[in-house]
Structures are given as structure tokens and as C-alpha cells.
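Heads up, the thing below is written out as C-alpha cells.
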Amino acid sequence: MTHPELLAPAGSLEGVRAAVQSGADAVYMGYGTFNARRGAKNFTQHEMAQAIAYCRARGVKTNITFNILALDRERRDALADAKFLQDAGADALIVQDLGLARLLRESAPALALHASTQMTIHTVEGARIAKELGFSRVVLSRECTLEQIARITAQAGVETEVFVHGALCMCYSGQCYLSSVIGQRSGNRGLCAQPCRLAYRYGDDKKTGYPLSLKDLSLADWLGKLCDAGVSSLKIEGRMKRPEYAAIVTKTYADLLHDGRRATAQEKETLQKVFSRNGFTQGYLTGQLGDAMFGTKTDVPLAEVQGLYDEAAHRFDEGREVPRVGVELSLMADETGIALCGDDGETPVVTATDSAPVERAQNRPTTPEMLEKSLGKTGGTPFFVRDTHITLADGLAVPASRVNALRRQALDTLLAQRATAPARPWHATAPVEVQHARAPFAGYTVEVRTLAQATDTLLDTAPHALYVPLTALAGDPARAAALAQRLPVAAVLPRIYKEEERPDIARMLQIVHDAGVTTALAGNMGHIEPLRAHGMTIYGDFGLNVMNSDALAALAALGVQRQTLSFELRLSQMRDLVKPIETELLVYGTLPLMVFENCAIRRRTGKCTCEHAPCALTDRTGRSFPLLPEYGCRNTLLNSQPLYVERQDEYDRLGVDYARIRFTMESPSRCAAVAGAITRGEPLSFDEGATRGLYFRGVN
């Protein structure tokens, strides 16, 4: 069975050589400002062209990270970068932004798009929507188990890529706003400051720890299972690490795949020495979550790893080559000269000729075996000889120097030919211009976390619509029906649910639909397909990360009728969006900063105690971040202060249709008081203060 592609990281030309000469089948790199490692050195245009050509010549795919959320004003630069990358010969772009994906699909129809793990795809339905949007591959969330990976791979009809080694984030990728809200450095914009690696304490406890810092992932013993699951690509994380790290890790995994075996004790020790956080974890793949998954960086003295680094660096020294590309050489020699043809089976056959006469042998004539020996000397090139065909006139003395020169000429020509980028079409793409017919600001929607918060007093504030968790509505269908008769009600789906939970979600959707709730909020791409299946009107929630006009257009094409804009946008940026569908912004609420698969509440008590939630994490400055339980024994980490945009005139000129008041931990009476004050335009007071979020300061 053919093993999956081994995809290695590279942060420099040296890193590219390290990955390629260590056995990578594909390399992923960052270019320009549209990649999730904007703080790294990244590649210049000249370096990127060199790197792509180097990889193409050696049969190694190049996947370029284009995986941040873009703003409207960045559209022209993004397309210019994409055109350069296509013209240079890149094989695929790794994309998070729905708007960029739409633009790229229209502009570069022959360029493969891979859905970044930042798109938070972890279900069959999410992968299918990605395919509908034009993606040929999805990079699955790291939180997927082996069984979930196998099911998605078998049923989604799109290639899957999974991480097998490197850093793990506590939060689902693409759903973390902690760095942006507390420090204006957005992970969705490629500048995460990694506050999850810092120390925290639970509540008022004096003891600090690292409850958000996970160990690195290592699936060196699980490659066979992933091969059996049908995964297309196995990915090593680490674009910001040194080339020697990439070389060591890549070679280890390449050897394991080639040999079809598990890692030896020595290989595991080597991997741990070059980088780990108190060892490694396989927790998400096996579903064995808990304390064993957590750790902080292990500092290994340089003297203990210098030998490993030196050995790895020798392997990818400039000019060194591993024979990766098979070639068939055909030589014909007679008295009139010598001709050599080289065929790699992929590019046009190359021919090198030497038209000088060949003398007849005085003593020992040249034999085909002697010529084969000369042709086989491909050291220092990426080629190895698969087969040779010799046509030799009798009695000739063919100088080895002439054969060697022809071999070098043919292989040099073949290498240059392989490095040449293919011609692919590029279409100029017109900007989104169609706005939906929009009346002035229509009013407020209210989101509650519990039905107890939806009091008559709250509803008397006359919200345009009430948003309620799907779980709460399905748990009390009579109340759901009564609410739906009084005002428009929308069910809020859990932002995260996994493959085995899909039947339960479908059951609850049917219950609320039968109760008269026919609208739902989709906070993940995987929500759209089941909502369509149940005939629900679809509103997009903040988890879809909409920051540009083209993302709105892409969602409109999927059937989304209203979209909540990202709270990482400034208000002025919201104002300038072209809005082909209804839009909404959050104006009050404690913002959700992270969502965990690994229960942080349980880590405090050692048992499942969600009924006693919330608890909180306190950072080094004394700020307290509440932890709330979520569907499926997950958690949401909330901001330390509520968002509050106090004046309606600050957002009713933005061209948005609705403003949302979002309640989480507030008491029913507080919910009613807040909603009443906001809708009447009266100021609110807060015991612990409030924040205007990123609406005026923005993110980097």
C-alpha cells in the first residue's frame, strides 16, 4: 500500500533543504503577510521562487500557508501574492478565510486549495462543505480521534491531512481569541502571542500552574493506523523551529513510514531531546484526555543535542543530494558520435548529443557494461538510474569523459525542466458589489444561555429575536413552542460537536423544528449541512470568523441569510463591508475567548463537576477568566470583563441590521435590566468594569 504524503515544515531555504534531503514528500512554507506565522522571518519573493523550483525539481510538493483572515483593503495584495505563488509553481495554498477561498477559486481555478486547520473542520459535514467551496483537502482539527479521522476520510469525498508531530493548542484552532482580546495580537491574523503557555491559577488559589499548556504531539507509533484510515497527508508542525529540528523529525517519520514500523526507544529519545514539553502526548487521537496531556517546555542542554544537530546539518549541507527521482537513460554511440536521452516519466524527454567522431578501439573496445557504469554515476544529483538502454556499434573506444559530460548535461537539463512551473490560468476577479436591500438599523437580538434567563421582563424589552442554545430548547420543547409563538426564536448550535454526537444533534434539531423553531445559528462550517437537511433558516455565528465582504458572499452562496461579524474587526471596518446578506454585531456580552476539548474544570477538582461551574482561571495580573461548561464536556473560557458598546449611534451607522445582546452568567434579573437599559439607550454600570473590545483599537 502506498503510504501517505509526509508533509514537513520549512521556514527558510535551509529548512527546505533540510526537509527535502530528510525524506519529506511535501513541504509547507509561509510567504508574505497572509500566513499564520507573520512574526517569523518567512521567505522573500526570490527565496520563495527558489524554494518552489528546488522542490519541484526533486518531486516534492509545495503547500504555501495562506491561512489568516484578511481584510477588504488587503484583497489586492492577497491576490497579487497568490498569482506570484501560482506562477512560481506552488502546488497548493492552505487557506482559512472563506472570502480568500472564494477569490482564489475564481481567480486560479487550477490551483489546489487546502482547508486550514484554522477552519475548525472536525466532522464529515464540515469536510463536505469545504469540498463544496472548492477545497481538495481538509486539514482536520487536532482534536479528532482516530475513529473520527477514519470516518471523515471515508465519507467526506475529500483528502484529509492530520498533524502527527509538534505543538498542540489548548483551544480549537481558529476559535481562539485570547491573544487578540487581551493583547491585540490575533491568532486568526497570524500574530498569536501564545498566552496559553503562561502560568494561571484557579480562582483565588495561591498555587499557580500551566493549565492551558499542552505537551507536544507525537504519533510515531500510530502511523500504520493512520495509513489504514486512508489519510492523504501526515503533517509535522514547526515552521519556526531550526532546520536541524525539521531534518531530525522528518527523517525519523520518513524512516518509520518506509519501514512500516513503530518508533524505537532510541528514536523516541531523539525526538524528545530535540524538542518536547515534558515528553509527548497522543491524547486526542486515542481519546484519552486528562492531566497526562499537559506540560511545559523541556530545556535540554545544547551539549546533549549538538551531535544530533551536526549530523542532521551534514545531511542537508548545500550541494548534498538524496537520490529521489528515477530516470531512464538511453545511449546510442557509433562512429559519427554519441547521443544520450533522459526520461523521468513526467517531463519531456531530454537529449544531449556529442557529434565528434568516435574512434575505433586499438586494444580493448568499450562494452555496454562499461557505459552503464558511467551512466550510473549520478551522485550529487537528485536522480537515480531506473534503467539503461545501450545501442553501441562494435569495436568502438567511447571515452568515459565524453559519456560523463553527456550524462551531466542531460541531467542538468532534466533538472531545470522539472523545476519549471506549469502554465495555469489566472482570471481577474471583480469585487463583491451587490448589497442586500437594507433598511436602517432594525434593532436588537438577545442571546441567553438558559431558558431561566428568558423571563417575561426580558421579553418585554421587545427583542427582534431570541437566540437560545439548541440543548436548552430541545430539553423543554413546550417552552420552546411557547417562545416561538411569542417572537422569532433561533437555536444556537454547540460550536463544537464531534462525529459520534451528530445523531444527538440531529435528534435535537428535529425536536425544536417540530416545536416551531425553524431558524438556527451555525458557529462552524459543519453546521450548515445538517441545518439544510432539517429545512432550517441559517444564521452564521461569530465562530465563522467573517472579516471581509467576500466571506459574506461565500456564506450567502451557501444559504446563510444573516451573519454575525467578527468581534476582531473595528467598527469602521464593519462599516466599509459590502453586505450581500443581513449582518449583526455583538454589542454586549462576555466574549468567548477559547473553546476546549480537554475539560479544564475537571482538572481543578479531579472529577466532572460542571454542575458547580463556573470556575475561573486567574492570570498573573489578577484578571479572572470564567470557565463555562459546554456540550460534550467541553469548556469555554470567557473574557475577564464584558463587552459593552454603550451608544447606539456608534454602531447604527455601520450598515449592520442587528445588534446582539449576549448573556452568559448573568442572573435573570440582570439580563432583563441590561436588555432594558440598552434598548432604551440608558447607561449601564459594572462592578468590575467593562471593555469596548477591539471595535475601536482593532488587532494586528
Among the residues of the range 422-456, write down those that are within 30 Å of residue 653 (Cα to Cα) and of a type in the set (Lys, Arg).
438, 449
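Condition first: in a strand (DSSP E or B), touching a Ser or Thr at 6+ places or on another chain (Cβ under 7 Å) and not hydroxyl-bearing (Ser, Thr, Tyr). Now tell me which residues in the range 463-478 satisfy that. Lay out the reasoning, then the answer.
Going through the range 463-478, the residues in a strand (DSSP E or B) turn out to be 465-469.
Restricting the remaining residues to those that are touching a Ser or Thr at 6+ places or on another chain (Cβ under 7 Å) gives 465, 467.
Listed by number, the list holds a single entry, 465.
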Just to be sure I understand, how many residues within the range 479-522 are open to solvent by less than 10 Å² (accessible area, probe 1.4 Å), farther than 24 Å from residue 658 by Cβ, touching a residue at least 40 places away in the same chain (Cβ under 8 Å) and assigned to a helix (DSSP H, G or I)?
1
Scope the range 223-236; condition in contact with a helix residue (DSSP H, G or I) (Cβ under 8 Å, 6 or more places away or on another chain) and crowded, with 21+ Cβ neighbours inside 10 Å; matching residues:
223, 226, 231, 234, 236
Collect the residues in the range 415-445 that are under 30 Å from residue 87 (Cβ atoms) and either of a type in the set (Asp, Glu) or touching a Lys or Arg at 6+ places or on another chain (Cβ under 8 Å) (or both), keeping them in residue-number order.
418, 419, 420, 421, 426, 431, 433
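Taking residue 667 as the residue in question, decide whether it is farther than 17 Å from residue 463 by Cβ, in contact with an Asp or Glu (Cβ under 9 Å, 6 or more places away or on another chain) and not β-branched (Val, Ile, Thr).
Values: farther than 17 Å from residue 463 by Cβ: yes; in contact with an Asp or Glu (Cβ under 9 Å, 6 or more places away or on another chain): no; not β-branched (Val, Ile, Thr): yes.
Against the criterion (farther than 17 Å from residue 463 by Cβ, in contact with an Asp or Glu (Cβ under 9 Å, 6 or more places away or on another chain) and not β-branched (Val, Ile, Thr)), residue 667 does not qualify.
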Sort out which residues of the range 456-478 are buried (at least 16 other Cβ atoms within 10 Å of the Cβ) and of a type in the set (Ser, Thr, Tyr), and write them in order of number.
461, 467, 471
All but one of (1) exposed (fewer than 13 other Cβ atoms within 10 Å of the Cβ); (2) more than 20 Å from residue 345 (Cβ to Cβ); (3) within 50 Å of the chain's Cα centre (by Cα) hold for residue 387; which doesn't?
(2)
Please work out which one of (1) open to solvent by less than 30 Å² (accessible area, probe 1.4 Å); (2) in a helix (DSSP H, G or I); (3) closer than 14 Å to residue 167 by Cα is the condition residue 239 fails and give its number.
(2)
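Being in contact with a Pro (Cβ under 6 Å, 6 or more places away or on another chain) and surrounded by 12 or more Cβ atoms within 10 Å (Cβ to Cβ) is true for just one of 392, 411, 406. Which residue is that? Steps first, answer last, please.
Numbers: 411 fails: in contact with a Pro (Cβ under 6 Å, 6 or more places away or on another chain); 406 fails: in contact with a Pro (Cβ under 6 Å, 6 or more places away or on another chain).
Being in contact with a Pro (Cβ under 6 Å, 6 or more places away or on another chain) and surrounded by 12 or more Cβ atoms within 10 Å (Cβ to Cβ) holds for just one of 392, 411, 406, which is 392.
Residue check: is residue 142 assigned to a helix (DSSP H, G or I) and at pLDDT 95 or above? Even if it seems obvious, please write down each step before you answer.
Working: assigned to a helix (DSSP H, G or I): no; at pLDDT 95 or above: yes.
No; evaluated as a whole, the condition is false for this residue.
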Quick one: which residue in 117, 123, 62 is farther than 25 Å from residue 186 by Cα, in contact with a strand residue (DSSP E or B) (Cβ under 9 Å, 6 or more places away or on another chain), among the hydroxyl-bearing types (Ser, Thr, Tyr) and surrounded by 21 or more Cβ atoms within 10 Å (Cβ to Cβ)?
62
I'd like the full set of residues that are assigned to a loop (DSSP other than H, G, I, E, B), of a type in the set (A, V, I, L, M) and closer than 24 Å to residue 619 by Cα, limited to the range 641-700.
665, 690, 694, 699
Conditions first: (1) under 28 Å from residue 88 (Cβ atoms); (2) without any contact (Cβ under 8 Å) to a residue 40 or more places away in the chain. Residue 133 passes all but one, so which condition is the exception?
(2)
Test set (1) open to solvent by 10 Å² or more (accessible area, probe 1.4 Å); (2) in contact with a His (Cβ under 6 Å, 6 or more places away or on another chain); (3) among the polar types (S, T, N, Q) - residue 107 fails condition number:
(1)
Which condition breaks for residue 228 when tested against (1) out of contact with any Gly (no Cβ under 6 Å at 6 or more places or on another chain); (2) of a type in the set (Asp, Glu); (3) under 22 Å from residue 27 (Cα atoms)?
(3)
Using beta carbons and a limit of 8 Å, which pairs, at least six apart or on different chains, have the first residue in the range 160-184 and farther than 19 Å from residue 148 by Cα and the second one among the acidic types (Asp, Glu)?
166/216; 166/237; 167/216; 167/237; 177/568; 180/568
Select, from 477, 488, 469, 503, the only residue that is under 28 Å from the mean Cα position of the chain (by Cα), more than 19 Å from residue 126 (Cα to Cα) and not charged (D, E, K, R).
469
Can you pull out every residue in the range 278-312 that is closer than 26 Å to residue 145 by Cα, out of contact with any helix residue (DSSP H, G or I) (no Cβ under 6 Å at 6 or more places or on another chain) and aliphatic (A, V, I, L, M)?
292
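Identify, from the list 312, 292, 303, the residue that is open to solvent by 80 Å² or more (accessible area, probe 1.4 Å) and over 30 Å from residue 136 (Cβ atoms).
On the way: 312 fails: open to solvent by 80 Å² or more (accessible area, probe 1.4 Å); 292 fails: open to solvent by 80 Å² or more (accessible area, probe 1.4 Å).
It is 303.
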Looking only at the range 553-570, decide whether some residue is open to solvent by 10 Å² or more (accessible area, probe 1.4 Å) and under 22 Å from residue 696 (Cβ atoms).
yes
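The values are calculated or read from the model by the stated rules, or taken from the named source; none is laboratory data. Small disclaimer: the values here were computed from a predicted structure and weren't measured. Positions of Cβ are generated from backbone atoms using ideal geometry, with glycine treated the same way; all protein chains shown enter the neighbour counts. Calculation scope for accessible area: heavy atoms of the full protein, side chains included, ligands and nucleic acids excluded. Shrake-Rupley method; radii C 1.70, N 1.55, O 1.52, S 1.80 Å.
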